[in-house]
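In what follows, a structure is listed as structure tokens, so that the remarks can point back to it.
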Amino acid sequence: MPHAPLHGLRLAAVDIDGVLLNDTFSPVIHRLAAAYGVGYTPEFERAVFSRPRREAAGVFIEAARTTQSPQAVLDAYFRTRERYLATHPVRLLQGAVDLLRRLRARGLRIVCYGGLDRSHFERHLGAWASYFTGPRYICTDAFRPGIPEITRGVFGLDYHQVLFIDDVATVAEQARDLNVAFIGRPSGFAHGFQRRLMREAGVAHLAASPAGIDDTMLTRVARDAAAGTLWPPTAPPTPAPAPTAPPTPSTASPAPPAARTHPPAHPASPAHPASPAHPASPAHPASPAHPASPDHPAGPAHPASPGRPALPAGAAVRVRQVRS
């Protein structure tokens, strides 16, 4: 029996690494942190994952107290990543395609995003590109975490109309502060802290695999979002980078984010990265390539940030706003 559309939701934005593909960022960032003598802590992961590559690299440099340049750290990240991928290749997660079918069956359009450039998407998800809408894939290295830029800048939607699915708590924190529907798919990396950080951020819906994001969970998320009970009213705002201008700004003036019971978070520089787990580039390369998150490795070709690699400077693909 077909399921009814999800009330109020029109778009599902799905992170590529760690949600649809296996997490190849956390392990790489962890290895890089060890090589630089950096302690791998929750604070370090949070400071590096899902950050622009060069920002993540800067966090790495400060934690390691090295005189190397951000580019040198990113280069080290990608070399480490290439060695890791030689024995732990990128692969489609079991249940990922079924998740895409499920989201489409519930009436949602889908867009994929991540810190690496489009070639990473084409190489590993190109065979299933028809499931995605609009630009299909958005590289977020220049504006991570990226919820405002994707929601309003690219699709021209309001925050209550989108659902984000990600494996990094930094994205969850921004979703919470904007009152955006969110499902966490934290990595199972043994040395990672994303599940713990998501719980601390107030994430109510967590899945251990793509299969765990079933129709029952989707229905509950939509119901809670519509009722305004998706996020705890007492959840404290978490400092996060200020949103940058979206790739293709909407012609309409962006509406203010939904009211929260606490003031919006203000960007704050992460203190001491601890390990090479999600480079924004080194993992999520923001600095050391995209191992942006200990949970999301990406392609070994483009540094993104110690949290997740993304496109190299100047290579980000600009997309036109998608009209709903």
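The values are calculated or read from the model by the stated rules, or taken from the named source; none is laboratory data. Small disclaimer: the values here were computed from a predicted structure and weren't measured. FYI the Cβ positions are ideal-geometry reconstructions off the backbone, even for glycines, and counts take in every protein chain you see. With ligands, DNA and RNA removed, areas are computed over all heavy atoms of the protein, side chains included. Shrake-Rupley method; radii C 1.70, N 1.55, O 1.52, S 1.80 Å.
The residues of the range 70-102 that are within 23 Å of ALA127 (Cα to Cα) and of a type in the set (Asp, Glu) amount to a single one, ASP98.
Using the structure shown, decide if ALA63 is assigned to a helix (DSSP H, G or I) and in contact with a His (Cβ under 6 Å, 6 or more places away or on another chain). Show your work before the answer.
Details: assigned to a helix (DSSP H, G or I): yes; in contact with a His (Cβ under 6 Å, 6 or more places away or on another chain): yes.
Spelling it out, ALA63 is indeed assigned to a helix (DSSP H, G or I) and in contact with a His (Cβ under 6 Å, 6 or more places away or on another chain).
Residue under question is ALA47, and the condition is that it be closer than 21 Å to GLU173 by Cα and crowded, with 24+ Cβ neighbours inside 10 Å; does it hold? I'd like the intermediate steps shown before the answer.
Working: closer than 21 Å to GLU173 by Cα: yes; crowded, with 24+ Cβ neighbours inside 10 Å: yes.
Here the answer is yes, as ALA47 does meet what is asked.
Here LEU125 qualifies as outside any strand (DSSP E or B), in contact (Cβ under 8 Å) with a residue 60 or more places away in the chain and open to solvent by less than 40 Å² (accessible area, probe 1.4 Å). Of all residues in the range 6-29, how many are at negative phi, assigned to a loop (DSSP other than H, G, I, E, B) and either in contact with a Gly (Cβ under 9 Å, 6 or more places away or on another chain) or open to solvent by less than 10 Å² (accessible area, probe 1.4 Å) (or both)? Count: 9. Taking the criterion of being in a helix (DSSP H, G or I) and either surrounded by 16 or more Cβ atoms within 10 Å (Cβ to Cβ) or touching a His at 6+ places or on another chain (Cβ under 8 Å) (or both), the residues of the range 86-118 that qualify are ALA96, VAL97, LEU99, LEU100, ARG102, LEU103, ARG104, ALA105, ARG118.
Evaluate the following for ALA72: is it open to solvent by less than 30 Å² (accessible area, probe 1.4 Å), of a type outside the set (Val, Ile, Thr) and not in a loop (DSSP other than H, G, I, E, B)?
Details: open to solvent by less than 30 Å² (accessible area, probe 1.4 Å): no; of a type outside the set (Val, Ile, Thr): yes; not in a loop (DSSP other than H, G, I, E, B): yes.
Considered against the rule, which asks whether it is open to solvent by less than 30 Å² (accessible area, probe 1.4 Å), of a type outside the set (Val, Ile, Thr) and not in a loop (DSSP other than H, G, I, E, B), ALA72 comes out as no.
Looking at PRO148, is it open to solvent by less than 50 Å² (accessible area, probe 1.4 Å) and in a loop (DSSP other than H, G, I, E, B)? If you could, list the steps in order and put the result at the bottom.
Numbers: open to solvent by less than 50 Å² (accessible area, probe 1.4 Å): yes; in a loop (DSSP other than H, G, I, E, B): no.
In short, no.
Can SER187 be described as at pLDDT below 50 and either assigned to a loop (DSSP other than H, G, I, E, B) or farther than 26 Å from GLY107 by Cα (or both)? No: the conditions fail for SER187. The number of residues in the range 160-182 being closer than 19 Å to GLY107 by Cα, part of a helix (DSSP H, G or I) and either in contact with a Ser or Thr (Cβ under 6 Å, 6 or more places away or on another chain) or of a type in the set (S, T, N, Q) (or both) comes to 1.
Just wondering, is there one or more residues in the range 45-62 that are on the phi > 0 side of the Ramachandran plot and either out of contact with any helix residue (DSSP H, G or I) (no Cβ under 8 Å at 6 or more places or on another chain) or of a type outside the set (S, T, N, Q) (or both)? Please lay out each step first, then the result.
To start, the set of residues in the range 45-62 that are on the phi > 0 side of the Ramachandran plot comprises 50.
After this cut, where a residue has to be either out of contact with any helix residue (DSSP H, G or I) (no Cβ under 8 Å at 6 or more places or on another chain) or of a type outside the set (S, T, N, Q) (or both) as well, the list is none.
Checked the range 45-62: no residue is on the phi > 0 side of the Ramachandran plot and either out of contact with any helix residue (DSSP H, G or I) (no Cβ under 8 Å at 6 or more places or on another chain) or of a type outside the set (S, T, N, Q) (or both).
Checked against the criterion of being farther than 17 Å from ASP177 by Cβ, charged (D, E, K, R) and surrounded by fewer than 24 Cβ atoms within 10 Å (Cβ to Cβ), the range 129-145 contains one or more residues that satisfy it.
One residue alone among GLY153, GLY134 is assigned to a loop (DSSP other than H, G, I, E, B) and either touching a Ser or Thr at 6+ places or on another chain (Cβ under 8 Å) or at pLDDT below 95 (or both), and that residue is GLY134. PRO42 satisfies every condition listed in (1) more than 17 Å from VAL171 (Cβ to Cβ); (2) touching a Phe, Trp or Tyr at 6+ places or on another chain (Cβ under 6 Å); (3) open to solvent by 10 Å² or more (accessible area, probe 1.4 Å); (4) at pLDDT 95 or above except (1).
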